[in-house]
Amino acid sequence: MTQHWLSRNTRVDHNRPFGAAQRAVIDPDRVPDVGALLGDTHGPTPLQALPALAARFGVGEIRVKDESQRFGFGAFKALGGVFAVHQFIATHKDRAPGDIVFTTASSGNHGRSVALGAQSVGARCTIFLPKFTSAEKEAAIRAKGADVIRIDGDYDTAVAECRRQAAAKGWTVISDTSWDGYEDVPRDVMRGYTMLAKEIVTQWPAGPTHFFVQAGVGGLAAAVIGYLWAVMPTRPVSVIVEPQSADCWFQSNKAGRPTLASGAADTAMGGLACREISPLTWPVLGVGTDWFMTITEDQVMPARRLYAHPVNGDPAITSGPSGCAGLAGLTRICSDKAAFAMLGLDRNSRVLLINSEGNLGEGTV
Ligand SMILES: Cc1ncc(COP(=O)(O)O)c(C=O)c1O
C-alpha cells in the first residue's frame, strides 16, 4: 500500500551506473570553489548531528547540512547564482561586465544570489519577483544593488515575464530552471550547488543511507542526489519532498515524464512554490530518486520549531519555511509505521537533511 502522499519511483535501478546522460547534467569532477570567487573565508557550512532527534525517530543518525550558515548569505542559493554569473563573465571575455544586465525570476533567494554575483563582477541586475515574495527578501535584493520588478502572479508567471523582457531588452538570463534550448546556465547553477554535496562527503566519510531533500524545480536535489550517486560506493535511498500544492516532481514521477503540479503552488514554502520542474534535471532525478512525497502546510511550522528548539541537547538550527521542508518530510515518514518500513528505515539508518535557508524575515518560531 502506498499513501496518497508517498510514491515510489518504478524507474529506479540501484545497479544503474552514473552514466553519460547523468554526467552531462552533474559533473562530479568539476566542483567549483564559490567562496574563492567572492573572497569569502567562512569555509564549509557545518554538518550538524542530531542524536536526540535520531533516537526519538527510531533511526541511527540524523545529520543536517546547515546552509543557513552559507557565507554571510544564509541560503544554499548563494552557490548557484553567484557561480553562474562568474562563469558567464569568464566565458564572454568580449563583453564588458559594466554593459551586461543580468536578470532572473526568483522567489527570493536565487535572485539575491544573482544580484550578489552581478555586484561582485561590476554588472547591473534586474530581478523579477512573484507576488508572494516577502518585503524583507525584496529589500535584501535591492541592498545588493539590483532593481526589482514585481509581477502580479506566481513564480512561473515571473519566469515567463523575465524571459519576455530579457529577450526584448538584450538582458542576460541567469535562471535556475531550464527550458528547451536553455540549459547551459541552469547547469552552471547546479554546478555551484555541487560544492555543498562535496563538502558533505568530506565531512561524513560513512555517508548517509537515506537522504530527504526538498525540491522546487529540482536543481538542489539533482546536484546532491547526482553527486552522491556518482561518488558513493552505495548511493543512499533518496526522497524528494514538496509542498502538496506544488507537487510537480510528485506528478512527473507518476506520469513518467515532466508534468505540471496538481495545485496552484500557493504555499508558505516560497522556494518550493514551482508548478514546473527543470527538465534538464530529469536524467538524474527521473531515474535516480527513489521516492517522492508531499507535505502539508501545517507540517512546516512544527519542523521549523523542531530545528529551533531541539530535543535533549541537540544543536539549535535556524530555518525558513523552505529550509525545514526536508525535516517536515522525515517527520511525516517517521510518524507513519508503514511508510517508515517501506523506505527501509531502521535503527541503523543514517539520514541526511539539508537546511537550505535560514530565517530571512519569516517571523519567529
Ligand atoms: C530555501 C530553498 N530551498 C530549496 C529550494 C529548491 O531548490 P530547487 O528549485 O533547485 O529545487 C529553494 C529554491 O528557491 C530555496 O530557496
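Quick notes on this one:
- Using the average count of surrounding beta-carbon atoms within 10 Å as a protection proxy, the listed peptides 236-249, 253-266 rank, highest first, as 236-249, 253-266.
- Based on C-alpha pairs under 8 angstrom that are at least 6 apart in sequence, the range 115-156 has a relative contact order of 46 percent.
- Dipole moment magnitude, nearest 20 debye, the chain about Cα centre, only Lys, Arg, Asp, Glu C-beta charged: 340 debye
- Estimated 222 nm signal from helices in the chain, with DSSP H stretches of n ≥ 4 weighted -39500 (n - 2.57), rounded to 500: -11500 deg cm²/dmol
- The residues packed around GLY72, meaning those with a beta-carbon under 12 Å from its beta-carbon, carry a net charge of +2 if Lys and Arg are +1 and Asp and Glu are -1.
- Of all DSSP beta bridges in the chain, antiparallel share, percent nearest 5: 20 percent
- Using a cutoff of 8 angstrom between alpha carbon atoms and counting only pairs six or more residues apart, the relative contact order for the chain works out to 23 percent.
- Hz values of 3J(HN,Hα) by residue in the range 94-107 - Karplus curve (6.51, -1.76, 1.60), Gly and Pro given as x: 6, 10, 6, x, x, 9, 9, 10, 7, 8, 6, 8, 7, 7
- Inter-label distance for ASP29 and THR202, nm, one decimal - labels placed 7 Å from Cα along Cα-to-Cβ: 2.0 nm
- Computed from the C-beta positions of LYS337 and ALA268, the FRET efficiency with R₀ = 45 Å rounds to 0.95.
- With a Förster radius of 35 Å applied to the C-beta separation of ASP184 and THR296, the computed FRET efficiency comes to 0.45.
- For ALA52 and ALA20, a Förster radius of 35 Å and the Cβ-Cβ distance give a FRET efficiency of 0.20, rounded to the nearest 0.05.
- Candidate lysines - alpha carbon under 29 Å from LYS144, same-chain residues fewer than 8 apart omitted: LYS65, LYS77, LYS93, LYS131, LYS169, LYS198
- Value of relative contact order over the range 78-175, rounded to a whole percent, pairs C-alpha under 8 Å and six or more apart: 31 percent
- Here the spin labels are modelled as points 7 Å beyond Cα on the Cα-Cβ line, and at LYS254 and ARG11 they lie 1.6 nm apart.
- For the pair the range 331-365 and the range 18-86, the centres of their Cα atoms are 17 angstrom apart.
- Across GLY98, GLY60, GLY145, mean-square fluctuation computed from a Gaussian network of the chain (C-alpha pairs under 10 Å connected) peaks at GLY98.
Each value in this text was obtained by applying a stated rule to the coordinates, not by laboratory testing. Nothing here was measured: the structure is a model prediction, and the numbers come from that model. Don't worry about glycine lacking a Cβ; one is built from the backbone with ideal geometry, like all the others, and counts go over all protein chains shown.
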